[in-house]
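The values are calculated or read from the model by the stated rules, or taken from the named source; none is laboratory data. Since the structure is predicted, the reported quantities are computational estimates derived from the model, not experimental observations. Here the Cβ positions follow ideal geometry from the backbone for every residue, glycine too, while neighbour counts run over all protein chains shown. Side chains included, ligands, DNA and RNA excluded: accessible areas come from the protein's heavy atoms. Shrake-Rupley method; radii C 1.70, N 1.55, O 1.52, S 1.80 Å.
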Amino acid sequence: TDEIMQQEIRPLVAVDIIEQLHRQFAILSGGRGKDGAPIITFPEFAGFSDIPDEDFLNVVTYLTSIPSLEAASIGFIIIIDRRRDKWSAVKASLTRIAGAFPGNLQLVFVLRPSRFIQRTIADIGIKLYRDDFKMKVPIIMLNSVSDLHGYIDKSQLTRELGGTLEYGHSQWIHHRTAIENFAMTVKTTAQMLQTFGTDLAETELPNDVQCTEELLSAHTDHHGKLKDELKLAVKQGATLLTCIREPVTRSANSKLSPDELENVATVERLLAQLDETEKAFDQFWTKHHLKLEQCLQLRHFEHDFREVKLALDNLMEAQASFADIGDSVTRVEHLLREQKQLEEKGQEPLEKAQSLALHGEQLIQNNHYAVDSIRPKCVELRRICDDFTNETKKKYDILGKSLELHKQLDKASQWCEAGIYLLASQAVDKCQSQEGAETALVEIEKFLVTAKEHQLSNPKEFYNQFDMILTPEIKANAQRILQKLEDVQEMFDKRQVSLKKLAAKQTRPVQPVAPHPESSPKRASPKINRPA
């Protein structure tokens with residue numbers, strides 16, 4: 001816990017202590033002990049005692065933070081190479097490490113000075129000052145690297161210690177900075193995605209088409225830029241992974257050290273984290289983008305609805321103004337033409353309304369989020385269309401009845417006029433003879449045959465047939481014509497009676513009568529009154 005807390009309090013990355021790392025007074029070569037303990041080596045370094053305490057602590061703290069927690073919990077193995085140095089350097093190194101090493105120690109190996117006198121002093125010194133080092137772990141003094149090989153396998157030691165482990169300090173620093181840069185890139189990218197996601201979630205949907213289009217465009221552009229950042233980050237991680245694995249790729253006999261394998265695992269973990277972040281972001285963006293597109297669809301639908309609704313209202317208002325049913329055939333035919341023009345004029349808005357209602361139903365079928373707003377508008381559009389269609393049919397029916405009524409009235413009126421003309425054209429003097437009277441009767445009978453074709457039905461049937469359109473004016477006109485028909489019919493009846501009497505009078509046998517005595521052939525015959 002102390003180690004974790006220390007890392008949280010003082011997070012170190014390679015770039016922060018790059019100069020101190022390049023001095024190479026301590027290295028993490030990647031080798032491990034037989035139990036997997038990480039090895040930190042303190043190579044020969046002439047100015048070791050001159051290193052500032054802060055630089056020493058930063059480098060050692062950084063090196064101990066690199067291995068996994070599992071490896072670090074085993075304990076670190078320290079190798080101090082002082083073969084070309086003096087006992088005083090060994091003592092100074094042990095004292096500094098004992099006082100400032102932040103990790104869990106397991107063993108300390110010291111390659112003692114190779115010169116005889118310094119080796120002897122070191123043997124004596126280690127016995128005298130062991131307790132002063134305050135180390136609770138064994139300090140093993142070694143005469144040569146061969147002795148070291150008895151404790152640690154040569155494959156886990158660098159060439160400087162007689163081993164076979166490939167280690168390049170500059171490359172190690174490059175890999176560390178690259179890994180940490182990539183980790184920072186992953187963290188920054190995740191934060192950018194999270195911030196963008198929060199902004200999207202908190203965005204209020206606009207209420208008009210233009211603002212919705214602008215918002216959709218802005219969010220799409222931002223999303224595209226973030227996706228480019230993600231692609232660059234993935235490419236960076238893939239390139240880094242290739243660089244770390246390069247020795248194995250170059251030579252089949254090469255093997256990655258445990259630390260390099262941990263680096264590979266770290267980069268793969270970061271790439272996996274990046275992939276998971278991208279998938280979560282894509283999933284969220286898909287939902288958000290769909291919502292924005294549906295919002296834009298809704299705003300277009302609402303805009304079109306307002307335009308179509310206005311056109312339909314004007315259409316219904318124009319239709320409602322058609323209250324006149326006409327007072328003559330000419331007027332009714334004119335009204336029918338106007339009704340036809342209105343119907344033709346209404347085709348475009350009606351088609352738009354039907355199309356818009358169909359579009360709204362398609363939005364509902366596609367699981368649009370604003371179903372409760374779209375469905376009532378679709379219902380209203382269809383209702384208005386049906387109302388206009390039904391009202392148009394009703395208008396046509398009424399005007400058709402009106403046209404039929406006025407045509408019947410006109411025919412009846414014309415029949416009356418023709419009848420009056422016929423009666424007037426029959427000369428009275430010609431009807432005095434039997435032949436003239438019979439001829440007049442035939443003319444009248446022929447004319448009366450056309451009565452059923454041109455006359456109105458009886459008043460009761462007439463009123464039942466046209467009751468729905470009988471305005472007071474039309475009713476008065478119909479009554480006037482009915483009365484005229486009755487009058488003309490009565491005239492014909494009287495004329496027929498008179499003509500029949502004349503025809504019958506002319507057919508009586510003539511009785512011879514003796515002239516009266518007082519009659520004189522010179523006396524004028526009495527004047528005969530002609531029937532009216």
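Within region 59-86, being under 53 Å from the mean Cα position of the chain (by Cα) and aromatic (Phe, Trp, Tyr) holds for one residue alone: Tyr62.
Looking at Glu307, Glu343, Glu351, can you tell me which residue is in a helix (DSSP H, G or I), of a type outside the set (S, T, N, Q), open to solvent by 90 Å² or more (accessible area, probe 1.4 Å) and closer than 16 Å to Asn390 by Cα? Full working, then the answer.
Working: Glu307 fails: closer than 16 Å to Asn390 by Cα; Glu343 fails: open to solvent by 90 Å² or more (accessible area, probe 1.4 Å).
Being in a helix (DSSP H, G or I), of a type outside the set (S, T, N, Q), open to solvent by 90 Å² or more (accessible area, probe 1.4 Å) and closer than 16 Å to Asn390 by Cα holds for just one of Glu307, Glu343, Glu351, which is Glu351.
Here is a yes/no grid of residues against (1) in contact (Cβ under 8 Å) with a residue 40 or more places away in the chain; (2) more than 19 Å from Thr266 (Cβ to Cβ); (3) open to solvent by 60 Å² or more (accessible area, probe 1.4 Å); (4) aromatic (Phe, Trp, Tyr):
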| site | (1), (2), (3), (4) |
| --- | --- |
| Arg176 | yes, no, no, no |
| Ile179 | yes, no, no, no |
| Ala183 | yes, no, no, no |
| Thr189 | yes, no, no, no |
| Met192 | no, yes, yes, no |
| Gly197 | yes, yes, no, no |
| Leu200 | yes, yes, no, no |
| Glu204 | no, yes, yes, no |
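Among residues of region 324-353 that are touching a residue at least 40 places away in the same chain (Cβ under 8 Å), those with a Cβ under 8 angstrom from a residue that is among the charged types (D, E, K, R) and open to solvent by less than 50 Å² (accessible area, probe 1.4 Å), sequence gap 6+ or separate chain, pair up as Gln339/Lys395.
Within the set Phe56, Phe25, Phe109, the sole residue that is free of Cβ contacts under 8 Å to residues at least 60 places away in the same chain, in a loop (DSSP other than H, G, I, E, B) and closer than 30 Å to Val264 by Cβ turns out to be Phe25. Assess whether Lys225 counts as being assigned to a helix (DSSP H, G or I) and of a type outside the set (A, V, I, L, M, F, W, C). Yes.
Scanning region 74-99 for residues being in a helix (DSSP H, G or I) and open to solvent by 10 Å² or more (accessible area, probe 1.4 Å) gives a total of 10. Scan region 271-317 residue by residue and report those that are touching a Ser or Thr at 6+ places or on another chain (Cβ under 8 Å) and of a type in the set (Lys, Arg). Selection gives Arg299 alone.
Suppose we filter Gln294, Gln273 for residues that are in contact (Cβ under 8 Å) with a residue 40 or more places away in the chain, within 30 Å of Leu200 (Cα to Cα) and buried (at least 17 other Cβ atoms within 10 Å of the Cβ); which single one remains?
Numbers: Gln273 fails: buried (at least 17 other Cβ atoms within 10 Å of the Cβ).
Among Gln294, Gln273, only Gln294 is in contact (Cβ under 8 Å) with a residue 40 or more places away in the chain, within 30 Å of Leu200 (Cα to Cα) and buried (at least 17 other Cβ atoms within 10 Å of the Cβ).
Checked against the criterion of being out of contact with any Phe, Trp or Tyr (no Cβ under 8 Å at 6 or more places or on another chain), among the small types (Gly, Ala, Ser), closer than 30 Å to Lys235 by Cα and open to solvent by less than 80 Å² (accessible area, probe 1.4 Å), the candidates Ala320, Ala280 yield just one match: Ala280.
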